[in-house]
1. Can you work out the FRET efficiency for the pair residue 86 and residue 34, with r the C-beta to C-beta distance and R0 = 35 Å, to the nearest 0.05?
2. Can you work out the Karplus-derived ³J(HN,Hα) for every residue in the stretch 94-111? Use 6.51 cos²θ - 1.76 cosθ + 1.60 with θ = phi - 60°, whole Hz, and x for glycine or proline.
3. Among 20-28, 56-64, how do they line up from the highest to the lowest mean number of other beta-carbon atoms within 10 Å?
4. Using r as the Cβ-Cβ distance of residue 134 and residue 8, and R0 as 35 Å, what FRET efficiency do you calculate, to the nearest 0.05?
5. Fewest Cβ neighbours within 10 Å first, please rank 199, 70, 130 accordingly.
6. Loop only by DSSP, 13 or fewer other Cβ within 10 Å of the Cβ. Give me the trypsin sites (Lys or Arg not before Pro) in the stretch 4-78 that pass, ordered by residue number.
7. How many nm separate the modelled label positions at residue 15 and residue 60, each set 7 Å beyond the Cα in the direction of the Cβ?
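Values in this text are rule-based calculations from the coordinates and carry no lab data. All of these numbers come straight from a predicted model, not from anything done at the bench. Here Cβ is always computed from backbone atoms with ideal geometry, including for glycine, and neighbour counts include all displayed protein chains.
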Amino acid sequence: MGGLPYNRRASGLFFLVLFVLLSLLSLIPLWSVRIPPMQDIWQHLALVDVIHNYRAPGSVYPDYFLLPSTPKPNLAYYYVTSWLSYLFELETANKVVLSIYILTFPLSFLYLLRSFGRSKWLSLFAFPLTYNAMFAYGFVAFVMGMPLLLAGVGAYRRFMDEPIDAPFSRHGWLSAAAFVLAFFVHAHIYLLMGMLCFTLWILASPRHAVGQGPAHLASHPVPGLFRSVVRGLFHPAHPFHVRHDVWVPRQVL
């Protein structure tokens, strides 16, 4: 019996070393090439360059583009990469941002598993899924939101286990922060997180959900805000139409 705690400590140390090693190895494909083989990455870098050099002396971008006047979803990647471009070259700044995704994706999957009481060893399956189809297509904003999705759902699951009368809900605040960040990283990630968390709420309190499930769905902010985003992207008459964003030429306004 005396060797059991030692075996657990040894197993935990082995897992930690293996997890860190796999995380570092996952960065090698990204940093071994100049530009990652992502289908849409060039247009994303072009938009970052527009934002970064919009007010540069002699820039022609103001003649052709308008920057967003208000915070909008799906723009976090562009502005974060633009800010990092003050420290690094644009291509390097892009790799730094993508490195954040590569490192946090397995971590968020581990957090999600532990939130549901599952084995930490299952998180090792996240590493071969890091370079997935969304990464290959170059859906950078969606990829950056995937760790937020996993971590946000995990935090919400832990939040439901906390006492209702608790004076401070740490996991509740973490879940709320993940929702806010997800909205500005990618609207579809925000919608998926809302759907999954609402499903968890239904499963956790079935008797309560029978009477108030529809009311909860109607008042939940996720469907309403996502509906506003969709209207803004696809309805020209809407004041948040995409024509006001950075990637649309000024002359079409």
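1. Numbers: r = 21 Å, r/R0 = 0.59.
Calculated value: 0.95.
2. My calculation for the stretch 94-111 gives 4, 5, 5, 5, 5, 5, 4, 4, 4, 7, 8, 4, x, 5, 5, 5, 4, 4 Hz in order.
3. Values: 20-28: 12.9, 56-64: 10.3.
Highest-to-lowest ranking by the protection proxy: 20-28, 56-64.
4. Values: r = 36 Å, r/R0 = 1.04.
Approximately 0.45, to the nearest 0.05.
5. Details: 199 11, 70 7, 130 21.
In increasing order of surrounding Cβ atoms, one gets 70, 199, 130.
6. On the way: sites: 8, 9, 34, 55; in loops: 34, 55.
Passing sites in the stretch 4-78 are 34, 55.
7. 5.7
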